[in-house]
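Colleague: Shown below is the structure under consideration.
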Amino acid sequence: MVFKKMLAALGVGGPSVDTVLDTPTARPGGFLDGHVHIQGGDADARIEHVVLALATGALDLHRESVADHFTVRAGTTESIPFRLAVPWETPITSVYDRPLRGMVMGVRTELEIAGARDKGDLDPVSITPLPAQQAILDAFAELGFRFKHAEVEHGHLHGVPQRRPIYQEIEFWPPERYAGRVNEVELTFVADPDGVEVLLALDRRGGRDAYSRFGITHAAAGATNWTATVDGWLREATDRHFAAPAYGHGHGHDPHGRRGMGMGTVVAAGAAGIVGGLVAGEVIDEVFDDDGGDFGDFE
């Protein structure tokens, strides 16, 4: 995993940079290890800062300075080891060694020299699910959901603790037993050192959506039959939607600011029907605001 970039600040004959990732795969909360190799050019060069950024598209998730204020002598090589932290809220980019369609993640090396900053290209990395995230993804696969698309949205989910202003949406086509009532399901993970908050949004036919939020501790990720649990919540949400009476108001909001409920209860927008939410692992109060192939077809 190498990229080479001639420093534009010095032009022809300036130093060049190779960033090598020894571990190009990590989980949220983990680390990416590697080395930054700076090859000296025709003259000595004073490097002010070497910064590494874990980025998706134009958005930096995390930045670290790995070296400051040193000189690269002409014709010599400086090798700088690094261990770059991967934030807990970092989006997933691959599942079972297959890329998640729609996701791009990488490490970019920036050098500041002579008052100018030179940004390198993204060196691709793979972010794989935590066990708790994998358990939910496996449940969706077992239930017959087909992966549709994944994307990163900018902003904060209302009522959800976040350290970074982004969140990932993983979208699925429903299996046949839900297809008559649900257009698609959106899955969002927000992880931290204690566990993972899971947000589910059902795009239901008729224009009324349902939302739920629940939590899984890392220690309890393998202690629940997630296939049965997720299936039970989805069935309850879809079945009661059509039979429930209308209510004049709801409680809480969906993650994007639309009326609705989740975690413990789900309210469809408009003349809302109230249904039981998913109880899984560690329940976290109520939810507040904010072309297919099978599930394994991520490319």
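Colleague: Scan region 76-102 residue by residue and report those that are modelled with pLDDT of 95 or more and in a loop (DSSP other than H, G, I, E, B).
Modeller: Across region 76-102, the qualifying residues are Thr76, Val86, Pro87, Trp88, Glu89, Thr90, Pro91, Ile92, Thr93.
Colleague: Now a separate question. For Phe147, only one of the following conditions fails: (1) under 19 Å from Leu199 (Cβ atoms); (2) not in a strand (DSSP E or B). What is its number?
Modeller: All conditions are met except number (2).
Colleague: What's the number of the only condition in (1) in the same structural domain as Pro24 (by TED's automatic domain parsing); (2) in a loop (DSSP other than H, G, I, E, B); (3) touching a Pro at 6+ places or on another chain (Cβ under 9 Å) that Asp121 fails to meet?
Modeller: Unmet for Asp121, out of (1) in the same structural domain as Pro24 (by TED's automatic domain parsing); (2) in a loop (DSSP other than H, G, I, E, B); (3) touching a Pro at 6+ places or on another chain (Cβ under 9 Å): (3).
Colleague: Got at least one residue in region 18-31 being modelled with pLDDT under 95, surrounded by 15 or more Cβ atoms within 10 Å (Cβ to Cβ), farther than 23 Å from Thr128 by Cβ and in contact with a Phe, Trp or Tyr (Cβ under 9 Å, 6 or more places away or on another chain)?
Modeller: yes
Colleague: In addition: Of everything in region 107-134, what is farther than 21 Å from Gly34 by Cβ and surrounded by 16 or more Cβ atoms within 10 Å (Cβ to Cβ)? Give them in sequence order.
Modeller: Pro129, Leu130, Ala132, Gln133, Gln134
For every residue, the table says whether it meets (1) surrounded by fewer than 15 Cβ atoms within 10 Å (Cβ to Cβ); (2) out of contact with any Gly (no Cβ under 8 Å at 6 or more places or on another chain); (3) farther than 24 Å from His154 by Cα.
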residue: Asp42; (1), (2), (3): yes, no, yes
residue: Gly57; (1), (2), (3): yes, yes, no
residue: Thr71; (1), (2), (3): yes, yes, yes
residue: Ala74; (1), (2), (3): yes, no, yes
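Colleague: Right, something else. Would it be correct to say that Asp42 is over 20 Å from the mean Cα position of the chain (by Cα), in a loop (DSSP other than H, G, I, E, B) and charged (D, E, K, R)?
Modeller: Yes.
Colleague: Would you be able to say whether some residue in region 153-161 is touching an Asp or Glu at 6+ places or on another chain (Cβ under 9 Å), among the aliphatic types (A, V, I, L, M) and assigned by TED's automatic domain parsing to the domain that holds Gly215?
Modeller: yes
Colleague: OK, next. Just checking, does region 130-138 include any residue being among the small types (Gly, Ala, Ser), touching a helix residue (DSSP H, G or I) at 6+ places or on another chain (Cβ under 7 Å) and at negative phi?
Modeller: Yes: one or more hits.
Colleague: Hey, another quick one. In region 161-218, which residues are farther than 22 Å from Arg27 by Cα, of a type in the set (A, V, I, L, M) and touching a Phe, Trp or Tyr at 6+ places or on another chain (Cβ under 7 Å)?
Modeller: Listed by number, the residues that qualify are Val185, Ala201.
Colleague: Now, a different point. Do the conditions hold for Pro91, that is, is it surrounded by 15 or more Cβ atoms within 10 Å (Cβ to Cβ) and assigned by TED's automatic domain parsing to the domain that holds Ala55?
Modeller: It is true that Pro91 is surrounded by 15 or more Cβ atoms within 10 Å (Cβ to Cβ) and assigned by TED's automatic domain parsing to the domain that holds Ala55.
Colleague: Continuing with the same structure: Is at least one residue of region 128-144 assigned to a strand (DSSP E or B), not assigned by TED's automatic domain parsing to the domain that holds Val72 and not aromatic (Phe, Trp, Tyr)?
Modeller: Looking through region 128-144, none of the residues is assigned to a strand (DSSP E or B), not assigned by TED's automatic domain parsing to the domain that holds Val72 and not aromatic (Phe, Trp, Tyr).
The values are calculated or read from the model by the stated rules, or taken from the named source; none is laboratory data. What you see is a predicted model; the values in this text were computed from it and never measured. Heads up, the Cβs are rebuilt from the backbone with ideal geometry, glycines too, and the neighbour counts pull from every protein chain shown.
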